[in-house]
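*Asks:* Take this structure, written in structure tokens, and hold onto it; I'll ask about it next.
The values are calculated or read from the model by the stated rules, or taken from the named source; none is laboratory data. Since the model is a prediction, treat every value here as computed from it, not as a measurement. Positions of Cβ are generated from backbone atoms using ideal geometry, with glycine treated the same way; all protein chains shown enter the neighbour counts.
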2 protein chains.
Amino acid sequence: MSLIVQKYGGTSVGTVDRIKAVAKKVAAGHRAGDKIVVAVSAMSGETNRLIGLASEIQEQPNLREMDVLVSTGEQVTIALLCMALQDAGVEARSYTGGQVRILTDNAHGKARIQEIDGHRIHDDLDAGRVVVVAGFQGADEAGNITTLGRGGSDTTAVALAAALNADECQIYTDVDGVYTTDPRVVAEARRLDKITFEEMLEMASQGSKILQIRSVEFAGKYNVPLRVMSSFEEGPGTLISLEDDDQMEKPVVSGIAFNRDEAKLTIRGIPDQPGVAYKVLGAVSAANIEIDVIVQNVAKDNSATITFTVHRNDLKRASDLLEQIASDLGAIEVDTDDRIVKVSIVGVGMRSHAGVAATMFESLAAEGINIQLITTSEIKITVVIEERYLELAVRALHSAFGLEQSEA
Amino acid sequence: MSLIVQKYGGTSVGTVDRIKAVAKKVAAGHRAGDKIVVAVSAMSGETNRLIGLASEIQEQPNLREMDVLVSTGEQVTIALLCMALQDAGVEARSYTGGQVRILTDNAHGKARIQEIDGHRIHDDLDAGRVVVVAGFQGADEAGNITTLGRGGSDTTAVALAAALNADECQIYTDVDGVYTTDPRVVAEARRLDKITFEEMLEMASQGSKILQIRSVEFAGKYNVPLRVMSSFEEGPGTLISLEDDDQMEKPVVSGIAFNRDEAKLTIRGIPDQPGVAYKVLGAVSAANIEIDVIVQNVAKDNSATITFTVHRNDLKRASDLLEQIASDLGAIEVDTDDRIVKVSIVGVGMRSHAGVAATMFESLAAEGINIQLITTSEIKITVVIEERYLELAVRALHSAFGLEQSEA
């Protein structure tokens, strides 16, 4: 008998029929003898409907009241799912975040979970009930309703799994697992049976949108085995867990991630002086523009060149700011380019394998793809290339690292 | 400075624009220096939408989960109203029934309020805030969400007023007060400035649907002055309070109520024996059919005749049952009639005035209206007459008791 926390997102509970289908899935697990706790999102479209009502009333809706408002979305789902479970012959009980004591700080709209009192849930599970908890929400110490921010239901599920010491946290979504890369780009992309928290984090931060980064971090921190599965199809999904030391033959590269949402800015010919990077990048950050890849070089004449990427939506603001900075610092010129993409290879195997970068650069060169920027971390190598080469690059790398083959 | 509890129903908060209008009303009171607590219903249509979702899932939706579901309706309203108040420059804070500790028993769907902890509300009021509370809901001792049943927001408002020791509880609705009778029947019907709890109860039980009976009982019990006012028009409304001993000249009759929803059943020629009324009416009650007027007579031959009225929807069931009882008891016949109406005159002045019944019967006789049944209570006389005479009877009585004149 295992204790499983399952999470179903808005699409999975988007209609009455889908809620019934979820109830069937949960009921099957319950009948098989597992103790099941379910975290759910609002029915798809509901949160936006509520936000729409609020914005008709207040231009900048009050954050405390916004949480009171949008938290009703999940509350509707928990009640309906419990009814569907009861209709399927399974005893079930619903709880809002506040009722089950998901204690958060009081940062309305982006609260962080501080503690969960698993007492009441354990009592229900012991009595043979399925427990259904509203995702995305909690309450602060004074009992005010808080929300964890959009997509926070994943975090609720992981936090519940950690607090209840669950055997597994299953995230049901509209894909059947984590793939070596996007199957729309590489037809041979393969579902991974396993991936480590670190790899998943790198994949997620590179644009693989299956899981909220925060929930993966949380799962890693508390070592909660996380499984991504499909709400609509049968299958084992992908297990995200700690690195498995017993696994003799680790794949060097687990997956290839990419991101088309960024643009590149370069400021050239900055008279070199201490603190140049801070002067440039600090000002950009201060304007609340998130910076991703950063590369700095010093030329022969000791003038510095700094290149960095930002989200394409921020390009105009960043570029205006940079022109100002360039003139302040006496730099020569500012260049921008929004026709670039970021491609990364990710894998814990890199730690113990040499020559991974060489293989990557070689295979891109063989396709005639020029690399504009390179950054590396312990388990990831990222390059920035021209946008038009994206598909070609991903396919070449997928093949170069043998990702289409079945796992060893 | 007064402490006022205001209640706005589903129609009054049915759209974003109406919520803004309510906020304006509340803000005006707040600026005038009053401490204001607002209880609200769900936006009109919302509760039915939620019940519809539930009934798509479970034929007999689980009562606990139904309360979790429908209580979201008021939760949406409290958040939106607080946003509208803040937009109007008034600090406001919303609370669900559970948050503000409206403690109820655990009878889901028809819970009764046991206690309210006014602490938190008083703190907010003292800090200059308007407090907005979700009507119709509470929580039991274990923290489960409960609802008071439909229309229960009136009860929430009265209970809040009692717990907070408010100066007045104002019920905002789509009429501008309590009338001497239905203005659609008598054009001369007049809005009453004042009426007693007892009179209001008799009016309400006779089909005057402005207020929930339970909330009037509650207000009477705790002596909370209740004022019925229009959400859409200015005006003083009608104050419902204890009998005012100072009022020298009490009107004999305050209003005329009527009810077209009943049908009459007669069982004739029952061999008289002890317990006949119980045998007949007990069986009807046991079938969960509510009985209203009851009249019993004994004929010369000692056989008994019992006549009673039930809701028209229950007529078929009651009549089938009565046929069975008649044959068991050896009664002669069963008669039914669904073309009847009940007309009542109501007034605390009756207690000290003789001849009221005579005036009533005389004025009906003058119009050629035959009285089928008569029952009386201390402050009410009810007759059952043929349905087609309804308007004629009400107009005649309205005039006979001088209700169209301005109050003394």
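*Asks:* State all residues of the stretch B:265-302 that are among the aliphatic types (A, V, I, L, M), more than 13 Å from residue B:318 (Cα to Cα) and in contact (Cβ under 8 Å) with a residue 40 or more places away in the chain; if no residue qualifies, say none.
*Replies:* Matches in the stretch B:265-302: B:270, B:276, B:293, B:294, B:295.
*Asks:* Within the stretch B:17-28, can one find any residue that is surrounded by 14 or more Cβ atoms within 10 Å (Cβ to Cβ) and part of a strand (DSSP E or B)?
*Replies:* no
*Asks:* So in the stretch B:53-70, with the set limited to residues that are more than 7 Å from chain A (Cβ to nearest Cβ) and not in a helix (DSSP H, G or I), which one is nearest to the chain's Cα centre (by Cα)?
*Replies:* B:60
*Asks:* Next question. Might you let me know whether the stretch B:54-72 holds any residue that is at positive phi and either assigned by TED's automatic domain parsing to the domain that holds residue B:129 or at pLDDT 95 or above (or both)? Let's see the steps before the verdict.
*Replies:* So in the stretch B:54-72, the residues at positive phi come out as none.
Within the stretch B:54-72, not a single residue is at positive phi and either assigned by TED's automatic domain parsing to the domain that holds residue B:129 or at pLDDT 95 or above (or both).
*Asks:* Taking the criterion of being surrounded by 12 or more Cβ atoms within 10 Å (Cβ to Cβ), touching a helix residue (DSSP H, G or I) at 6+ places or on another chain (Cβ under 9 Å), at pLDDT below 95 and within 16 Å of residue A:203 (Cβ to Cβ), would at least one residue in the stretch A:328-337 satisfy it?
*Replies:* The answer is no, given that none of the residues of the stretch A:328-337 is surrounded by 12 or more Cβ atoms within 10 Å (Cβ to Cβ), touching a helix residue (DSSP H, G or I) at 6+ places or on another chain (Cβ under 9 Å), at pLDDT below 95 and within 16 Å of residue A:203 (Cβ to Cβ).
*Asks:* Being modelled with pLDDT under 85, surrounded by 12 or more Cβ atoms within 10 Å (Cβ to Cβ) and in contact with a strand residue (DSSP E or B) (Cβ under 8 Å, 6 or more places away or on another chain) is the requirement here; does residue A:276 meet it?
*Replies:* Yes; evaluated as a whole, the condition is true for this residue.
*Asks:* Name the one entry in A:347, A:355, A:368 that is touching a His at 6+ places or on another chain (Cβ under 9 Å), in the same structural domain as residue A:257 (by TED's automatic domain parsing) and either surrounded by 14 or more Cβ atoms within 10 Å (Cβ to Cβ) or free of Cβ contacts under 8 Å to residues at least 60 places away in the same chain (or both).
*Replies:* The match here is A:347.
*Asks:* Please identify the pairs in which a residue from the stretch B:396-408 that is at pLDDT below 90 has its Cβ atom under 7 Å from the Cβ atom of a residue that is not in a loop (DSSP other than H, G, I, E, B) and not aliphatic (A, V, I, L, M), counting only partners at least 6 apart or on another chain.
*Replies:* Pairs found: B:404/B:398.
*Asks:* When the stretch B:29-52 is examined, which residues are found to be buried (at least 19 other Cβ atoms within 10 Å of the Cβ), assigned to a helix (DSSP H, G or I) and aliphatic (A, V, I, L, M)?
*Replies:* Correct list: B:50 only.
*Asks:* Does residue B:173 satisfy being under 20 Å from residue B:220 (Cα atoms) and away from chain A (no Cβ under 12 Å)? So that I can check it myself, show each step before the final result.
*Replies:* Values: under 20 Å from residue B:220 (Cα atoms): yes; away from chain A (no Cβ under 12 Å): yes.
The answer is yes for residue B:173.
*Asks:* A further question on this structure: Kindly evaluate residue B:228 against the criterion of being at pLDDT 90 or above, part of a loop (DSSP other than H, G, I, E, B) and on the phi < 0 side of the Ramachandran plot. Walk me through how you get there before you give the answer.
*Replies:* On the way: at pLDDT 90 or above: yes; part of a loop (DSSP other than H, G, I, E, B): no; on the phi < 0 side of the Ramachandran plot: yes.
Judged against the criteria, residue B:228 is not a match.
*Asks:* Say whether the condition of being at pLDDT 95 or above, buried (at least 21 other Cβ atoms within 10 Å of the Cβ) and in a strand (DSSP E or B) is met by at least one residue in the stretch B:148-161.
*Replies:* no
*Asks:* Mind checking which residues of the stretch A:352-408 are part of a helix (DSSP H, G or I) and among the basic types (Lys, Arg)? Outline the logic, then answer.
*Replies:* First pass over the stretch A:352-408, keeping only residues part of a helix (DSSP H, G or I): A:352, A:356-366, A:387-400.
If the condition is that a residue be part of a helix (DSSP H, G or I) and among the basic types (Lys, Arg), then A:388, A:395 are the ones that fit.
*Asks:* Which condition from (1) surrounded by 15 or more Cβ atoms within 10 Å (Cβ to Cβ); (2) farther than 30 Å from residue B:187 by Cβ; (3) in contact (Cβ under 8 Å) with a residue 40 or more places away in the chain is the one that residue B:262 breaks?
*Replies:* The number of the failed condition is (2).
*Asks:* Let me ask you something else. Quick check: is even one residue across the stretch A:127-147 more than 30 Å from residue B:142 (Cβ to Cβ) and in the same structural domain as residue A:67 (by TED's automatic domain parsing)? It would help to see each step written out before you state the result.
*Replies:* Step one: filter the stretch A:127-147 for residues more than 30 Å from residue B:142 (Cβ to Cβ), giving none.
There is no residue in the stretch A:127-147 that is more than 30 Å from residue B:142 (Cβ to Cβ) and in the same structural domain as residue A:67 (by TED's automatic domain parsing).
*Asks:* Among the candidates B:35, B:25, single out the residue that is touching a residue at least 60 places away in the same chain (Cβ under 8 Å), more than 10 Å from chain A (Cβ to nearest Cβ) and within 23 Å of residue A:56 (Cα to Cα). Outline the logic, then answer.
*Replies:* Details: B:35 fails: within 23 Å of residue A:56 (Cα to Cα).
B:25 is the lone residue from the list that is touching a residue at least 60 places away in the same chain (Cβ under 8 Å), more than 10 Å from chain A (Cβ to nearest Cβ) and within 23 Å of residue A:56 (Cα to Cα).
*Asks:* Residues in the stretch A:164-175 that are modelled with pLDDT of 90 or more and either surrounded by fewer than 24 Cβ atoms within 10 Å (Cβ to Cβ) or not β-branched (Val, Ile, Thr) (or both): how many?
*Replies:* Within the stretch A:164-175, residues that are modelled with pLDDT of 90 or more and either surrounded by fewer than 24 Cβ atoms within 10 Å (Cβ to Cβ) or not β-branched (Val, Ile, Thr) (or both) number 8.
*Asks:* If you don't mind, there's one more thing I want to ask. Any chance you could count how many residues in the stretch B:3-16 are within 12 Å of chain A (Cβ to nearest Cβ) and either small (Gly, Ala, Ser) or surrounded by fewer than 21 Cβ atoms within 10 Å (Cβ to Cβ) (or both)?
*Replies:* Of the residues in that region, 2 qualify.
*Asks:* When the residues of the stretch B:71-105 are narrowed to those that are under 23 Å from the mean Cα position of the chain (by Cα) and not in a helix (DSSP H, G or I), which ends up farthest from the other protein chains (Cβ to nearest Cβ)?
*Replies:* B:105
*Asks:* Return the residues of the stretch A:324-338 that are on the phi > 0 side of the Ramachandran plot and of a type in the set (A, V, I, L, M, F, W, C); say none if nothing qualifies.
*Replies:* none
*Asks:* I would also like to ask the following. Can you name every residue in the stretch A:285-326 that is assigned to a loop (DSSP other than H, G, I, E, B), under 26 Å from residue A:383 (Cβ atoms) and over 23 Å from the mean Cα position of the chain (by Cα)?
*Replies:* Selection gives A:299, A:300, A:303.
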